[in-house]
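The values are calculated or read from the model by the stated rules, or taken from the named source; none is laboratory data. Quantities reported herein were computed from a predicted structural model and do not represent experimental measurements. Because the Cβ atoms are built from the backbone with ideal geometry, glycine has one as well, and the counts that use them run over all protein chains shown. Each accessible area value is taken on the protein alone, full model and side chains, heavy atoms only, with ligands, DNA and RNA left out. Shrake-Rupley method; radii C 1.70, N 1.55, O 1.52, S 1.80 Å.
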2 protein chains.
Amino acid sequence: MIILKLGGSVITRKEEIRPTLDQENLQRISQEIADSKVEKILIVHGAGSYGHPHAHEYGIGNQIENNQDLTQKKMGFSITHQSVQMLNLEVCRALINEDIPAVPISPSSFIKTDKKRITDFKIDLINEYLDLGLVPVLYGDVVLDSDLKIKMAVLSGDQILQYVATKLAARRVILGTDVDGIFDRNPKKHPQAQLIPTVTSQDDLNFLEGAQTTDVTGGMSGKVEELLKLAQKGIESEIINIDKKELLKRALRGEDVVGTRILRKL
Amino acid sequence: MIILKLGGSVITRKEEIRPTLDQENLQRISQEIADSKVEKILIVHGAGSYGHPHAHEYGIGNQIENNQDLTQKKMGFSITHQSVQMLNLEVCRALINEDIPAVPISPSSFIKTDKKRITDFKIDLINEYLDLGLVPVLYGDVVLDSDLKIKMAVLSGDQILQYVATKLAARRVILGTDVDGIFDRNPKKHPQAQLIPTVTSQDDLNFLEGAQTTDVTGGMSGKVEELLKLAQKGIESEIINIDKKELLKRALRGEDVVGTRILRKL
């Protein structure tokens with residue numbers, strides 16, 4: 001079973017303040033997934049410009065100050081979820097157009113966190129969808145949190161990916177982003193930046209000058225942290241650039257492609 | 001706690017073959033809910049023209065004939081869910097526009113049936129949303145079914161309503177439709193049809209000339225069957241016409257309005 005993460009920066013125009021789809025990318029990526037003919041696949045996608053601006057604006061996951069703040073955060077929860085679900089609908093529409101039987105699985109409908117980490121997550125049904133040959137599509141969302149100080153939290157697609165990959169003992173995990181992998185410097189600023197082919201611990205990244213992209217869920221460093229947790233459990237993953245044509249299709253088919261592999265420390 | 005069902009025939013143009021929203025009705029109804037100032041409410045809505053044509057076309061819930069049929073039904077599952085979720089998004093958008101913190105709860109993400117009746121349904125999270133003052137919005141959907149002959153089923157909003165009302169011990173259950181209640185004859189055909197003010201058993205309805213409206217989930221007779229199950233458990237409900245202005249607002253405020261009450265048999 002393959003777990004594929006579609007980064008919010010690839011399927012949306014993340015630099016936009018308003019939710020903006022990258023329709024062209026989404027369509028091409030859906031086609032590459034269909035063309036790869038993978039049999040058992042679960043997809044998780046990020047929120048990009050559909051989630052981060054809202055979550056920021058309402059401070060979902062920040063401490064609740066008073067009743068008025070709670071009222072605002074509740075509306076913010078509602079609005080943020082509505083927005084990310086709209087993106088999810090677009091992703092599923094693109095997949096369905098390529099004859100992929102996508103089934104959106106809505107995190108806020110059944111997942112809870114405590115201090116922003118997943119506690120309740122019934123995985124059985126997702127397994128049954130996979131067994132039947134349907135393609136579950138999860139996404140970064142807002143969820144209820146047991147911590148009474150915050151009550152609501154942003155749940156990143158990356159944390160979902162890590163959780164699902166562990167529970168389902170995924171054979172492969174592919175993180176599709178808009179960069180070739182992890183670099184020693186920000187490749188968008190430094191043309192001489194070098195790609196790091198393998199990472200086995202957070203120490204490998206200490207020299208980095210901060211996250212290469214920023215979002216409410218922690219940017220690249222948050223992603224790698226989740227993937228290192230996976231690697232410790234024996235599930236290795238790869239970060240690849242799915243903005244580049246055919247790369248995802250080739251990776252799904254099992255070919256070696258350029259990227260960064262997150263491996264277990266020996 | 002009040003459970004409100006918004007009939008698919010009210011919020012969509014059910015006679016249409018293609019999914020068509022009744023935007024005007026939906027906006028007015030959302031406003032009436034907001035104006036009523038009810039504190040704790042859960043909403044379930046039907047699928048109307050967003051669900052029935054697709055579910056029919058692919059025969060979701062019918063016996064699976066062969067592999068080819070299964071492949072088609074899987075795509076049908078995906079397409080039907082996509083469509084009802086689009087309706088759900090519109091309903092939640094209308095509610096959010098009236099400052100109601102709606103949270104869609106997606107049945108296919110966590111509910112399973114066996115022979116088309118709910119078996120798995122974790123209600124805790126819904127309860128927590130209600131306690132926090134958010135408004136869960138559930139809907140008629142397609143779900144996985146344990147019966148290997150069908151594997152997938154249509155789950156009606158009415159069955160969800162019955163299940164949720166029982167588990168949450170709802171104080172009131174309001175079924176909003178496009179007719180005044182249950183009549184002794186089809187009021188759309190017979191101007192002399194008489195409204196039946198109370199129903200306590202299926203026997204009260206034996207004289208009916210078939211369901212007054214038809215849909216894949218059993219029409220009015222299917223609805224009354226679910227409500228009679230509720231009444232037997234001590235939860236009484238009322239069927240009212242929310243196509244008529246102000247009726248829903250008045251009912252939510254606790255006023256007596258025209259309709260049919262489904263009561264426990266004494």
Residue, nearest to the other protein chains (Cβ to nearest Cβ), within the range A:55-72, restricted to residues that are open to solvent by 10 Å² or more (accessible area, probe 1.4 Å) and touching a residue at least 24 places away in the same chain (Cβ under 8 Å): A:LEU70
Looking only at the range A:137-149, and only at residues there that are out of contact with any Phe, Trp or Tyr (no Cβ under 8 Å at 6 or more places or on another chain) and crowded, with 20+ Cβ neighbours inside 10 Å, the one that is farthest from A:VAL44 (Cα to Cα): A:ASP145
Tabulated pairs, the range B:128-146, first facing another protein chain (nearest Cβ under 8 Å), second among the hydroxyl-bearing types (Ser, Thr, Tyr) and open to solvent by 10 Å² or more (accessible area, probe 1.4 Å), C-beta under 7 angstrom, 6+ apart or interchain: none
Within the range A:35-45, of all residues that are open to solvent by 10 Å² or more (accessible area, probe 1.4 Å) and within 20 Å of the chain's Cα centre (by Cα), the one nearest to A:VAL137 (Cα to Cα) is A:LYS40
Flagged in the range B:79-102 as at the interface with another protein chain (Cβ under 8 Å from one of its Cβ atoms), hydrophobic (A, V, I, L, M, F, W, C) and within 30 Å of B:LYS149 (Cα to Cα), in numbering order, are B:ILE79, B:MET86
Which residue out of A:ASP215, A:ASP131, A:ASP147, A:ASP141 is out of contact with any Ser or Thr (no Cβ under 6 Å at 6 or more places or on another chain), within 22 Å of A:ILE79 (Cβ to Cβ) and modelled with pLDDT of 95 or more? A:ASP147
If we keep only residues of the range B:230-240 that are open to solvent by 10 Å² or more (accessible area, probe 1.4 Å) and touching a strand residue (DSSP E or B) at 6+ places or on another chain (Cβ under 9 Å), then the residue nearest to B:ASP180 (Cα to Cα) is B:GLU238
Might you check whether a residue that is more than 10 Å from chain B (Cβ to nearest Cβ) and assigned to a helix (DSSP H, G or I) occurs anywhere in the range A:103-124? no
Kindly list, by first and then second residue, each pair from a residue in the range B:253-266 that is free of Cβ contacts under 8 Å to residues at least 60 places away in the same chain to a residue that is open to solvent by less than 50 Å² (accessible area, probe 1.4 Å), limited to pairs with Cβ atoms under 6 Å and residues at least 6 apart or on different chains. B:VAL257/B:ILE240; B:VAL257/B:LEU247; B:VAL257/B:ALA251
